[in-house]
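Trainee: This is the structure I have questions about; it appears just below.
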Protein chains: 2
Amino acid sequence: MRDDDTTTPAANLAMRQAGADADAAHKPRRKASIRASNETHLLACAEAVFAERGFEGASTAQIAERAGLPKANLHYYFPTKLALYWRVLDDVFEEWNAAADTFDASDDPVEAIGGYVRAKMALSRRRPLGSKVWANEIISGATHMQDILLKRVKPWMESRVTLIERWIAEGVLAPVEPRTLLYMIWATTQHYADFEAQIRALSGKRALSAASFDATTDEVVRMILRASGARSPDSRDRSA
Amino acid sequence: MRDDDTTTPAANLAMRQAGADADAAHKPRRKASIRASNETHLLACAEAVFAERGFEGASTAQIAERAGLPKANLHYYFPTKLALYWRVLDDVFEEWNAAADTFDASDDPVEAIGGYVRAKMALSRRRPLGSKVWANEIISGATHMQDILLKRVKPWMESRVTLIERWIAEGVLAPVEPRTLLYMIWATTQHYADFEAQIRALSGKRALSAASFDATTDEVVRMILRASGARSPDSRDRSA
DNA sequence: GTCTATAGAAAGATAGAC
DNA sequence: GTCTATCTTTCTATAGAC
């Protein structure tokens, strides 16, 4: 029951109808879960529309229609289009944040960077719409994301910069500019979500198969590791 | 007279006023150039608005206002919003295409790839708005760009893939997946245009200085060359 | 070529019956 | 919680005077 990523109008309508004829409107047991269910459902649909048309280009009517609901219901759950958009941005950031944690899974730069690249590639595959919403927001000037960028992303980046500089000092990473490396990782991995349509057009295929996406992931990991000059530390030569 | 990249409303209004009081409307000498001048001016303003809000999010009123013109004048020069958008996309592609030529400047992969990365970074710096329009269009599904992608970008990519495969066979490039390398180059270089707002927020600076952009360019070139394992061919060991 | 006025559709949001 | 009807604003595009 609770996988709500159905973003096609048809499936959604069907789902809505299912509960509709339980006409007794006040079963206390279900009240809270109706709200939760409708909110997540609307959020998933909103993510798809915001991804495709950006904040200004998206209309609440389109989102409601995709959700199989009247426009008024959308405004019942989310007072304004902006409030809905904020919730979507927040959701997307939480996943970004989860992937970011993989960077600290190991002190070996090969494992840490490799694992992070893998996590970001997996995210691009699993939730391309979220990545697109993020990209759209940044391209439009990031006006609604200053808080997230300054209070969450910036501190994360700064601590990772310090870590990368330590690796360089220890000789397990080439003397790269840490920010340039991180931007390269973000840009390259997110490209497979954001520029999906271009990749499809250029490859002539309808979609990248799971197998070829995995192969591409391996290749991206190899290339990023080569770019960064990462190597696993010799277990004995660490003098400090 | 003919540098029309002024995209601020104020400057544009001033420019418009200049010619306005030459009230004789039919000097044959000036007719054609008025059209050309207004068209390029509107195109520059449209590029800025489309970059910031995407095709659906942009309004002809905003574009006209930025150009310092009544909305009706915009429709006099460009019949529909879509026609205007197409012209912008076409302009942007022409510059992409010019940068693409640098790939063939040399048969040495270090020079060819390095030069191409430099050209793309320079383009990101010189015309970030164009890059954003492109990115927005792809994120939105590339519906208005299928022609350019299939007839212009795809053939270019395929011939470059062949070239890269030859380099690999000759041993002057690591055995990389050519498409993955090209996507990495595009993603990384365009990131400095498209994600400008994020970079600004994370660096805490208002804008990347010319000097630090040049340093970043050098670093990106080094990292891409390392990722691709490119090396200049020994002048003697070419047996064919 | 320029510009005011406006048509006709679609936008965000709300009222109020159920 | 749901949904029809509607308010107000803004949208693309055009008419028609100058």
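Trainee: Residues to consider are B:Leu42, B:Leu69; find the one that is more than 14 Å from chain A (Cβ to nearest Cβ), within 15 Å of DNA strand D (Cβ to nearest atom) and open to solvent by less than 10 Å² (accessible area, probe 1.4 Å).
Mentor: B:Leu42
Trainee: From the set of residues in the stretch A:45-65 that are open to solvent by 60 Å² or more (accessible area, probe 1.4 Å) and more than 11 Å from DNA strand D (Cβ to nearest atom), which is nearest to the chain's Cα centre (by Cα)?
Mentor: Keep residues of the stretch A:45-65 that are open to solvent by 60 Å² or more (accessible area, probe 1.4 Å), which gives A:52-53, A:56, A:65.
Okay, now just the ones that are also more than 11 Å from DNA strand D (Cβ to nearest atom), so A:52-53, A:65.
Numbers: A:Glu52: 15, A:Arg53: 17, A:Glu65: 24 Å.
So the residue we want is A:Glu52.
Trainee: Scan the stretch A:197-214 residue by residue and report those that are within 21 Å of the chain's Cα centre (by Cα) and within 8 Å of chain B (Cβ to nearest Cβ).
Mentor: A:Ala197, A:Gln198, A:Ile199
Trainee: Now, a different point. State which residue pairs qualify: first residue within 14 Å of chain B (Cβ to nearest Cβ) and inside the stretch A:74-95, second residue within 16 Å of DNA strand D (Cβ to nearest atom) and open to solvent by 60 Å² or more (accessible area, probe 1.4 Å) in any location, beta carbons under 9 Å apart, and separation of 6 or more residues or different chains.
Mentor: A:Lys81/A:His75
Trainee: Among the candidates B:Ala98, B:Ala112, B:Ala119, which residue alone is away from DNA strand C (no atom under 12 Å from the Cβ) and touching a Phe, Trp or Tyr at 6+ places or on another chain (Cβ under 7 Å)?
Mentor: The match here is B:Ala112.
Trainee: Checking A:Trp167 against (1) in contact with a Pro (Cβ under 9 Å, 6 or more places away or on another chain); (2) open to solvent by 20 Å² or more (accessible area, probe 1.4 Å); (3) not charged (D, E, K, R), which single condition isn't satisfied?
Mentor: Failing condition for A:Trp167: (2).
Trainee: Among the residues that make up the stretch B:96-113, is at least one of them closer than 26 Å to B:Ser37 by Cβ and either buried (at least 19 other Cβ atoms within 10 Å of the Cβ) or modelled with pLDDT under 95 (or both)?
Mentor: Yes, that holds for at least one residue.
Trainee: Given the conditions (1) in contact with an Asp or Glu (Cβ under 6 Å, 6 or more places away or on another chain); (2) closer than 20 Å to B:Glu158 by Cα, and given that B:Lys132 satisfies all but one, which numbered condition is not satisfied?
Mentor: Result: B:Lys132 fails condition (2) only.
Trainee: Within the stretch B:139-151, count every residue that is more than 7 Å from chain A (Cβ to nearest Cβ) and either closer than 17 Å to B:Arg179 by Cβ or buried (at least 18 other Cβ atoms within 10 Å of the Cβ) (or both). Working first, answer last.
Mentor: Residues of the stretch B:139-151 more than 7 Å from chain A (Cβ to nearest Cβ): B:143-145, B:147-148, B:151.
Applying the additional criterion that residues be either closer than 17 Å to B:Arg179 by Cβ or buried (at least 18 other Cβ atoms within 10 Å of the Cβ) (or both) yields B:145, B:148.
Total meeting the criteria: 2.
The values are calculated or read from the model by the stated rules, or taken from the named source; none is laboratory data. Fair warning: this is a prediction, and the values are worked out from it, not measured in the lab. With ideal geometry, Cβ positions are generated from the backbone for all residues, glycine too; neighbour counts draw on all protein chains shown. The protein model used for the area step is the full one, side chains on, heavy atoms only, and it has no ligands, DNA or RNA in it. Shrake-Rupley method; radii C 1.70, N 1.55, O 1.52, S 1.80 Å.
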